[in-house]
Amino acid sequence: MVRGPLKHMHAIDLITADIPPLRPQDDVSRALDWLEEFKVGHLPVVDNGRLVGMVREQDVVDRSDARGTVGGVMDQVEIPFIRSGQHIYDVMRLFTERGLTVVPVLDEMGVYLGAITEHEALKRLAGVTNIHEPGSIVVLEMNQIDYSLHQIARIVEGNGAKILSVYSHTLPDTNRLEVTLKINREDVSDILQSFERHEIMVKTTYQGSRFHDDLRGRYEELMRFINL
């Protein structure tokens, strides 16, 4: 099945307005209250519009009776974040690889824009792709005038595969189009070579079942939690 164009597949579109950032000078008790209130295991720490750390639940739960500030317990090493224009699959990869419940979003200048919760990202992901179908994701980029779904499908099917879904997105302030394909094969190396021969730019690929197994597992766990 091939679906029509769909927007809102980038980090900027996934930001959850309900998750406020902590400040380094906030009390540890505030961090604990917010972690419990928003039902997350992580919260970003922001100072003057800049991401300066992340607070993890396990780092503050033992400090509930102590007089301390967030700055004293936050993690400042390899702070995870995503850029506003990155694809929803980059967001999900960061969630799965780092075991996060919240991902901070920065613009190209490093200014903090907000945070994405795992709940919101998984809910959006379920709405834009066949999450339970095995296969791979291929993201193409091209000029709008060069876009031909017929040609793309012919290339994929010429290599013995099928397109399960397709979504297109116009890149801001450009005449370029980003096209996201869900293909029903885990090994798509021959398809990528065919795109290259046809001078179609492959921007990103997410190949194989491991990535999708992680996403399916987290999605199913979320659904069980919601249905309790």
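The values are calculated or read from the model by the stated rules, or taken from the named source; none is laboratory data. Since the structure is predicted, the reported quantities are computational estimates derived from the model, not experimental observations. Cβ coordinates were reconstructed from backbone atoms using ideal geometry, including for glycine residues, and neighbour counts include every protein chain displayed.
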ask   = When you go through ASP27, ASP13, ASP33 one by one, which is the residue that is touching a helix residue (DSSP H, G or I) at 6+ places or on another chain (Cβ under 9 Å), of a type in the set (D, E, K, R) and over 30 Å from TYR167 (Cβ atoms)?
value = ASP27
request  = Looking only at segment 78-85, decide whether some residue is more than 29 Å from THR170 (Cα to Cα), in a strand (DSSP E or B), in contact (Cβ under 8 Å) with a residue 40 or more places away in the chain and not charged (D, E, K, R).
outcome  = no
query = Among the numbered criteria (1) at pLDDT below 90; (2) part of a helix (DSSP H, G or I), which single criterion is violated by ASP190?
reply = (1)
request  = Please find, within segment 110-124, the residue that is nearest to PRO44 (Cα to Cα) out of those that are among the aliphatic types (A, V, I, L, M) and surrounded by fewer than 20 Cβ atoms within 10 Å (Cβ to Cβ).
outcome  = LEU113
query = Scanning for something modelled with pLDDT under 85 and in a helix (DSSP H, G or I), does segment 28-36 turn up at least one residue?
reply = no
message = So in segment 154-165, with the set limited to residues that are out of contact with any helix residue (DSSP H, G or I) (no Cβ under 7 Å at 6 or more places or on another chain) and either hydroxyl-bearing (Ser, Thr, Tyr) or buried (at least 16 other Cβ atoms within 10 Å of the Cβ) (or both), which one is nearest to PRO134 (Cα to Cα)?
response = LEU164
query = Listed residues THR96, THR129, THR117; which is modelled with pLDDT of 85 or more, of a type in the set (Ser, Thr, Tyr) and in contact with a Phe, Trp or Tyr (Cβ under 9 Å, 6 or more places away or on another chain)?
reply = THR117
